[in-house]
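Structure first, then comments.
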Protein chains: 2
Amino acid sequence: MTHLNADESLKLRFDSIENCLKTLRRQRYGTSDPLNETINYILAGDGKRVRGMLAVLCAEIYSGDFRHGLTSALALEMVHAYSLAHDDLPCLDNDDMRRGRMSAHKMFDVPKAMLAGDALLTDAFWILSCDAPAGVKGGENAVEPTWWHEVFCGDKARLGLVRELALAAGGTGMVFGQMLDVHWTGKSEKIPRDILDQMHLEKTGALLGAACAMGALAGGAQFQEAGDIRRFGRSIGLAFQVIDDLLDTESGTGKSIGKDAAQGKSTYATIMSPEEARQRAEALTTEALSSLDRLHDRGQLLRYFVSGLLKRRK
Amino acid sequence: MTHLNADESLKLRFDSIENCLKTLRRQRYGTSDPLNETINYILAGDGKRVRGMLAVLCAEIYSGDFRHGLTSALALEMVHAYSLAHDDLPCLDNDDMRRGRMSAHKMFDVPKAMLAGDALLTDAFWILSCDAPAGVKGGENAVEPTWWHEVFCGDKARLGLVRELALAAGGTGMVFGQMLDVHWTGKSEKIPRDILDQMHLEKTGALLGAACAMGALAGGAQFQEAGDIRRFGRSIGLAFQVIDDLLDTESGTGKSIGKDAAQGKSTYATIMSPEEARQRAEALTTEALSSLDRLHDRGQLLRYFVSGLLKRRK
């Protein structure tokens, strides 16, 4: 696999996710009522779709066809989008901007951003459970004429997808991490490193882990295999965070530079030296990537994708 | 069936739901971190558990055993609890009190109430999809030693439960109704009656409809039968709302009297005369209850329960 081929493969998969999201936005959230307008705006954020990409790449590992992971990719991107909309609210991070666009509550208002987030979170579970969603059929411009996965995996695996997503996003996962973040923000006491790890493992790592596990399950992996690849996702989530914290102090990640520090948030950059943080990120990455060795060639594209993400963040 | 027997039967089912909720609160949300404390408080609200009761009563109709509906009852009560916590927030209804207790954001704070709501909504889907939730086993005080339903219904029906709940609670259901409410609050223009109907059918009716359909599915009903009983649930939801609007102008429903009017909310009491509203509620009730006729004796306890709710609201 040359880098050129790999880049083309990744672009094809990314475009496929984007097209599915566009179809969803047009066909499910296309009307001009205030709720759908807000949802549409939130979903349109030009992210890297990291969670969606992990899902399709992991589905491909176990099935040979990345499309098996598309429904999971949609559900994951919906949950990620909801989490950003809620995190940005004045009562939490109070961020007016998100990747160069106004955050949802600035573009619309707080009630709309909150309710649109609630709807996206709920609808993600609809996506995972529906057979042939009313009003959502492949349009003439859809790359994927049907983006639901009924044809691909059985009911047991589909229930597994619901469980993975719910566990990762809920009160023991992402929301728990977010609450730890709220709890420690502005505290004069320095956050212990194990709590900071736990915060990011849940706030960021849990959903990345679920993305890998959901893709695997949708691609026909056994629950044991899904568990292995979930751990990989959680580890890279933590590595990303360490690197982001370093970047936040250096050049900014789309947020204002040093915003975390200004808000009184403890980060890896405040509890360890830049050199230590860099070493930590390197160790986490190496460990995570080496866990892909047992997949041999099948893990090549996933490895290339994740390495690229880590490099771009350096 | 005498009234005495019926009341005892209802009490047994209600106590069973309460016991399951207590087990859930103790075993899943029993630790003293800020997220779990808030969730625990929200779940403890001494409601009538109408959604849970509808689920177990409908499960009983199709299976002869109300316990088949207990997992759905838990998930429904969790979603209902989340919706109240979010609705009460300052950016929405700004209610400090809820059934005589402080609302969650007054008891704790806004971030905690919001995040606890997010967690409860997500965890409801975990409840529906888990086989043997880690850390949640029947304790010595649990009436239901295992409150999950693995033993009861197959994977296809369980996916149906997820779909029913997600559709009812999400962007075409409860949240859509809530957004309509936000949109029309404070408008000088009088809300058209069909929009007011739509608002309440989604905001309240959708989840009551899902409660009936989920109970039915968990009890082994066919999807067609579940659809019929979903319509029943939606209708009584609308009837409840008409009656509540009347009560709100008269004696209060736990909110401050006339609060809706003071907030500039259109209600049935403001768009029609009390006499008209009473007739509307009566007609909706009669129609809904008569749809139970086809269930013959099997529908007796459900009919008794719903009639009782409607009477208490008069």
Residue check: is A:Glu18 within 17 Å of A:Gly299 (Cα to Cα) and acidic (Asp, Glu)?
-> no
Breaking point among (1) in contact (Cβ under 8 Å) with a residue 60 or more places away in the chain; (2) over 17 Å from the mean Cα position of the chain (by Cα), for A:Glu189 | (1)
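Somewhere in the range A:25-36, is a residue at the interface with chain B (Cβ under 10 Å from one of its Cβ atoms) and either in contact with a Ser or Thr (Cβ under 8 Å, 6 or more places away or on another chain) or surrounded by fewer than 20 Cβ atoms within 10 Å (Cβ to Cβ) (or both)? Lay out the reasoning, then the answer.
Step one: list which residues in the range A:25-36 are at the interface with chain B (Cβ under 10 Å from one of its Cβ atoms), which gives A:28-29, A:33-36.
Then drop every residue that is not either in contact with a Ser or Thr (Cβ under 8 Å, 6 or more places away or on another chain) or surrounded by fewer than 20 Cβ atoms within 10 Å (Cβ to Cβ) (or both), which leaves A:33-34.
There is at least one residue in the range A:25-36 that is at the interface with chain B (Cβ under 10 Å from one of its Cβ atoms) and either in contact with a Ser or Thr (Cβ under 8 Å, 6 or more places away or on another chain) or surrounded by fewer than 20 Cβ atoms within 10 Å (Cβ to Cβ) (or both).
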Filter the range A:268-304 down to the residues that are surrounded by 16 or more Cβ atoms within 10 Å (Cβ to Cβ) and among the basic types (Lys, Arg), then identify the one that is farthest from A:His200 (Cα to Cα).
-> A:Arg303
Filtered residue count, the range A:176-208, keeping only those that are under 23 Å from A:Ile229 (Cβ atoms) and aliphatic (A, V, I, L, M) | 5
Would the range A:202-211 turn up any residue that is on the phi > 0 side of the Ramachandran plot and not β-branched (Val, Ile, Thr)?
-> no
What number goes with the only condition from (1) among the hydroxyl-bearing types (Ser, Thr, Tyr); (2) touching a helix residue (DSSP H, G or I) at 6+ places or on another chain (Cβ under 6 Å); (3) within 14 Å of chain A (Cβ to nearest Cβ) that B:Thr185 does not pass?
-> (2)
Output the residue which, of all residues in the range B:84-111 that are of a type in the set (Asp, Glu) and not in a helix (DSSP H, G or I), is nearest to the other protein chains (Cβ to nearest Cβ).
-> B:Asp109
First in the range B:209-231 and of a type in the set (Phe, Trp, Tyr), second anywhere and in a helix (DSSP H, G or I), Cβ under 7 Å, 6 or more apart = B:Phe223/B:Gly160
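Restricting the search to the range A:260-309, which residues are of a type in the set (Ser, Thr, Tyr) and outside any helix (DSSP H, G or I)?
Within the range A:260-309, A:Ser266, A:Thr267, A:Ser273, A:Ser291 qualify.
Check whether at least one residue in the range B:7-28 is hydroxyl-bearing (Ser, Thr, Tyr) and modelled with pLDDT under 95, and report yes or no.
Initially, the range B:7-28 is screened for residues hydroxyl-bearing (Ser, Thr, Tyr), giving B:9, B:16, B:23.
Keeping just the survivors that are modelled with pLDDT under 95 gives B:16, B:23.
Yes, because at least one residue in the range B:7-28 is hydroxyl-bearing (Ser, Thr, Tyr) and modelled with pLDDT under 95.
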(1) more than 19 Å from the chain's Cα centre (by Cα); (2) modelled with pLDDT under 90; (3) surrounded by 16 or more Cβ atoms within 10 Å (Cβ to Cβ) all hold for A:Gly258 apart from (3)
Checking B:Gly177 against (1) under 18 Å from B:His86 (Cα atoms); (2) more than 7 Å from chain A (Cβ to nearest Cβ); (3) more than 18 Å from the chain's Cα centre (by Cα), the condition it does not meet | (3)
Given the conditions (1) away from chain B (no Cβ under 14 Å); (2) touching a Phe, Trp or Tyr at 6+ places or on another chain (Cβ under 8 Å); (3) within 21 Å of A:Gln178 (Cα to Cα), report the number of the one that A:Ala6 does not fulfil.
-> (3)
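Being closer than 22 Å to A:Ala213 by Cα and either at pLDDT below 90 or of a type outside the set (A, V, I, L, M, F, W, C) (or both) is the filter here; which residues of the range A:112-145 pass it?
Our first condition is that a residue be closer than 22 Å to A:Ala213 by Cα; within the range A:112-145, this holds for A:120-131.
Passing the criteria: A:Thr122, A:Asp123, A:Ser129, A:Cys130, A:Asp131.
Could you list, in sequence order, all residues of the range A:96-118 that are charged (D, E, K, R) and buried (at least 20 other Cβ atoms within 10 Å of the Cβ)?
Residues of the range A:96-118 that are charged (D, E, K, R), as a first pass: A:96, A:98-99, A:101, A:106, A:109, A:112, A:118.
Those that are charged (D, E, K, R) and buried (at least 20 other Cβ atoms within 10 Å of the Cβ): A:Arg98, A:Lys112, A:Asp118.
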Restricting the search to the range A:37-53, which residues are among the basic types (Lys, Arg) and crowded, with 16+ Cβ neighbours inside 10 Å?
-> A:Arg49, A:Arg51
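The values are calculated or read from the model by the stated rules, or taken from the named source; none is laboratory data. Owing to the predicted nature of the structure, the values given are computational and were not obtained by experimental measurement. So basically every Cβ, Gly included, is an ideal-geometry build from the backbone, and we count neighbours across all protein chains shown.
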